[in-house]
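Everything below concerns the one structure shown next.
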Amino acid sequence: MLKKRVIIKKRVIDSIISYCKMKHPNEAMLILRGKVSRDMLVINDLIIPPLSYYGPYYVGFPIHMLPFDRSIVGSAHSHPNGVVEPSLTDMQNFLGFISIIVGYPYDDENVHAFDSDGNKVKFEVER
């Protein structure tokens, strides 16, 4: 279980939602960048994964194409079917500390965060 206070910048949330809407009806994926301290995780930026591929029930990218970047703290992706729970595939491909899942219809109320055990993580949105 992630025992850190999680803060996500508002512009990051807005960008994730916009990207999910743009890729719909396919899934969308983004890499989260931020800073980790002993008691806090701050997500303040995004990366579009290189050579990403998208479909209505899948999304992926060759992970070896990511540069070595210590600021990568997790990933965000959409579920066009509206289900906001991590799938087995989501858990098997977990990256970093946190996974954000955005369910259709892609709004602030359908943004959820999970740790590497699939537990829901509370987060704060900061301007």
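Counting only residues that are open to solvent by less than 40 Å² (accessible area, probe 1.4 Å) and outside any strand (DSSP E or B), the range 34-49 holds 1 of them. For the range 6-33, residues that are outside any helix (DSSP H, G or I), among the charged types (D, E, K, R) and surrounded by fewer than 14 Cβ atoms within 10 Å (Cβ to Cβ) total 0.
Residue pairs whose Cβ atoms lie under 8 Å apart, separated by 6 or more positions or on different chains, with the first residue in the range 78-92 and more than 18 Å from Ile16 (Cβ to Cβ) and the second open to solvent by less than 80 Å² (accessible area, probe 1.4 Å) and not in a helix (DSSP H, G or I), are Met91/Ser116; Met91/Gly118. Hey, does the range 42-62 have a residue that's within 19 Å of Asp107 (Cβ to Cβ) and in contact with a helix residue (DSSP H, G or I) (Cβ under 7 Å, 6 or more places away or on another chain)? Within the range 42-62, one or more residues are within 19 Å of Asp107 (Cβ to Cβ) and in contact with a helix residue (DSSP H, G or I) (Cβ under 7 Å, 6 or more places away or on another chain).
Checked against the criterion of being more than 20 Å from Ala113 (Cα to Cα), of a type outside the set (Phe, Trp, Tyr) and touching a strand residue (DSSP E or B) at 6+ places or on another chain (Cβ under 7 Å), the range 53-62 contains not a single residue that satisfies it.
A residue that is under 27 Å from Arg127 (Cα atoms), touching a helix residue (DSSP H, G or I) at 6+ places or on another chain (Cβ under 7 Å) and among the polar types (S, T, N, Q) can be found somewhere in the range 78-85. The set of residues in the range 97-115 being touching a residue at least 60 places away in the same chain (Cβ under 8 Å) and crowded, with 17+ Cβ neighbours inside 10 Å consists of Phe97, Ile98, Ile100, Val102, Tyr104, Tyr106, Val111, Ala113, Asp115.
The values are calculated or read from the model by the stated rules, or taken from the named source; none is laboratory data. Remember, it's a predicted structure, so these values are computed and weren't measured experimentally. Reconstructed Cβ throughout: ideal geometry from the backbone, glycine too, with neighbour counts over all protein chains shown. The protein model used for the area step is the full one, side chains on, heavy atoms only, and it has no ligands, DNA or RNA in it. Shrake-Rupley method; radii C 1.70, N 1.55, O 1.52, S 1.80 Å.
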